[in-house]
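> Here it is, the structure, as structure tokens.
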Amino acid sequence: MGKILIVNTGPTEFERQGQYPLMDKAGLDAPTDKWAQAALKRLLEYQLAAVYYLPVAEAFETAEIIAGGYKLEPKILPGFENVSELSWKGLSPEEAAVFDCPLGERQTDDINIKFPFNDDLVQLRGKISEALDKIAAGYKKETVAVVSHRALSVIMVLHFLHMDNCHYNQIAQENGAVNLFEIRGGMPSALYINDTCHLEGLL
């Protein structure tokens, strides 16, 4: 059975500068490498075959540190090789909050906000889901890590749980959290979600 670990980055520079809405301000002073080293320590119980990352702030640096612990080279998630960095630049705090803060409201699949590379939530989920399914098919007996920032980590968890986008705000993803899914007969099973036990001193 293959396993896929979804690794959330630490706070982005936008968050540290207060340009992005956050519910929890803890740990913002710790640099990216501290969060990445904590995640690596948590992942060392697994034998990783590959480390992938999505082109979002701090994801490459985090993936590079995790991959380095296994003498691997990080790879960009399939299908995102020609996409410029996905960031919240150009979105107002109110627009960004729809995707990254629990507003206490159910979001629908027809959210009109566009991401900087001109995909909406439905289109983005389709791309990410296709990439994850490709990885699951290619590593049927191995363990792979995928590094991303909170918003896209949530989308990945939704995909593996077969939950609609309207449940976006019901998936908690703390900075530095790790999620583990095991692929059993082609069906993902959640072994743990939003694990932060390795983040003592950061959260």
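The values are calculated or read from the model by the stated rules, or taken from the named source; none is laboratory data. This one's a predicted model, so the numbers in the text were calculated from it and none came from an experiment. Cβ placement follows ideal geometry from the backbone for every residue including glycine, while neighbour counts extend to all protein chains displayed.
> Counting only residues that are under 15 Å from the mean Cα position of the chain (by Cα), on the phi < 0 side of the Ramachandran plot and not in a helix (DSSP H, G or I), how many does the stretch 32-72 have?
Within the stretch 32-72, residues that are under 15 Å from the mean Cα position of the chain (by Cα), on the phi < 0 side of the Ramachandran plot and not in a helix (DSSP H, G or I) number 7.
> Identify, please: which residue in the stretch 166-190 is of a type in the set (S, T, N, Q) and surrounded by fewer than 20 Cβ atoms within 10 Å (Cβ to Cβ) and is, among those, farthest from SER153 (Cα to Cα)? Reasoning before the result, please.
Quick first cut of the stretch 166-190, residues of a type in the set (S, T, N, Q) only: 169-170, 173, 175, 179, 189.
Within this subset, residues satisfying the condition of being surrounded by fewer than 20 Cβ atoms within 10 Å (Cβ to Cβ) are 169-170, 189.
Working: ASN169: 12, GLN170: 13, SER189: 16 Å.
Among those residues, the one meeting the criterion is SER189.
> Does the stretch 106-124 contain at least one residue that is β-branched (Val, Ile, Thr) and modelled with pLDDT of 95 or more? Steps first, answer last, please.
Initial filter on the stretch 106-124 (β-branched (Val, Ile, Thr)): 108, 111, 113, 122.
Narrowing the set further to residues that are modelled with pLDDT of 95 or more leaves none.
The answer is no, given that none of the residues of the stretch 106-124 is β-branched (Val, Ile, Thr) and modelled with pLDDT of 95 or more.
> Quick check on LYS127: is it part of a helix (DSSP H, G or I) and more than 13 Å from the chain's Cα centre (by Cα)?
It is true that LYS127 is part of a helix (DSSP H, G or I) and more than 13 Å from the chain's Cα centre (by Cα).
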